[in-house]
Amino acid sequence: MTALPPASRARRAVRASLPVALCAGLTAALTACAEEPDPDRGTNGVGKLSASEIEAKAQAAADASKAVRLSGTLVSKGGTYKLNMRLKDTGATGSVVTRTTTFELLRVGDALFLKADADFWTHAESTSGNEPTESGEQAADKLDDKYVKVPQDDPSYKQLRGFTEMNVLLDGLLELHGEVVKGDRDKIGGIRTIKVAGGRQGEGGTLDVSLEGTPYPLQFARGGGGGVVALSDWNEDFPLREPTQGETVDYGRQLPRTSD
């Protein structure tokens, strides 16, 4: 038998190895396709739970927290309010903006204070049916950027205090209505979240729950265009103190209502 030339033997060896190489490559490709990235890798595992379990985890985390920052817009029958409030059990501090006015609120225990600029007090005079007068404008200037203590028997006290009650605001905001369903993953403020919604279209509200660390609620979109609020600084304490005598002025009459 005539021996094959060296070149022929090499070509034959390559042809023989091709099926093996192709099979190995195909196997690797199929394995890579099968091993998709795990969306729950590095998370707190909440994304693996059912929608109702995620909602319960978020509610429990919120209930256990001692403080939170709430910022965003709320729409109610009384108007539209843009809030930026830091809240805890013993009080709150922050600002409220309506279509026509801006004011700050500070509550320490049951003591509630309101601070606004001169335009707020001038507008309060006009909306109460009084024409602005020179004395009224002088009074507004006196009240400008000063705290006014809201008497507990004033009709505005309950309404204004509602903006400073952590539990009241959270109970009203974090409740989903209708069948609770799990939605897509997202990011809020750079933090990975999982959405849970009331109803297939979120008509009962949509809650973003953190997939990192404690499963705090990070955003709530109210159904029916009722506003969107962000929730941050969970369990981060902040100082509260009543304003000094030099920082306060007596309004001397019933405070204005704060409807839009």
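List of remarks:
- In the set 32, 64, only one residue is modelled with pLDDT of 95 or more and either farther than 15 Å from residue 232 by Cα or of a type outside the set (D, E, K, R) (or both); that residue is 64.
- Condition met for residue 182 (basic (Lys, Arg), in contact (Cβ under 8 Å) with a residue 24 or more places away in the chain and not in a loop (DSSP other than H, G, I, E, B)): yes
- Taken together, the residues in segment 71-83 that are crowded, with 16+ Cβ neighbours inside 10 Å and either polar (S, T, N, Q) or free of Cβ contacts under 8 Å to residues at least 12 places away in the same chain (or both) amount to 1.
- For segment 143-179, filtering for residues that are among the acidic types (Asp, Glu), touching a Gly at 6+ places or on another chain (Cβ under 9 Å) and either assigned to a strand (DSSP E or B) or surrounded by 13 or more Cβ atoms within 10 Å (Cβ to Cβ) (or both) leaves 1.
- Restricting 6, 19, 37 to those that are under 30 Å from residue 211 (Cβ atoms), at pLDDT below 95 and surrounded by fewer than 13 Cβ atoms within 10 Å (Cβ to Cβ) reduces the list to 37.
- Look at segment 52-70: where a residue is farther than 17 Å from residue 176 by Cβ and a partner is in a strand (DSSP E or B) and of a type in the set (Val, Ile, Thr), sitting 6+ places away or on another chain with Cβ atoms under 8 Å, you get 70/229.
- Test set (1) crowded, with 19+ Cβ neighbours inside 10 Å; (2) at pLDDT below 90; (3) in contact with a Ser or Thr (Cβ under 6 Å, 6 or more places away or on another chain) - residue 258 fails condition number: (3)
- Of the numbered criteria (1) out of contact with any strand residue (DSSP E or B) (no Cβ under 8 Å at 6 or more places or on another chain); (2) modelled with pLDDT under 95, the one residue 117 fails is (1).
The values are calculated or read from the model by the stated rules, or taken from the named source; none is laboratory data. Remember, predicted model here, so these are calculated numbers, not experimental data. Note that we place each Cβ from the backbone using ideal geometry, even for glycine, and neighbour counts take in every protein chain shown.
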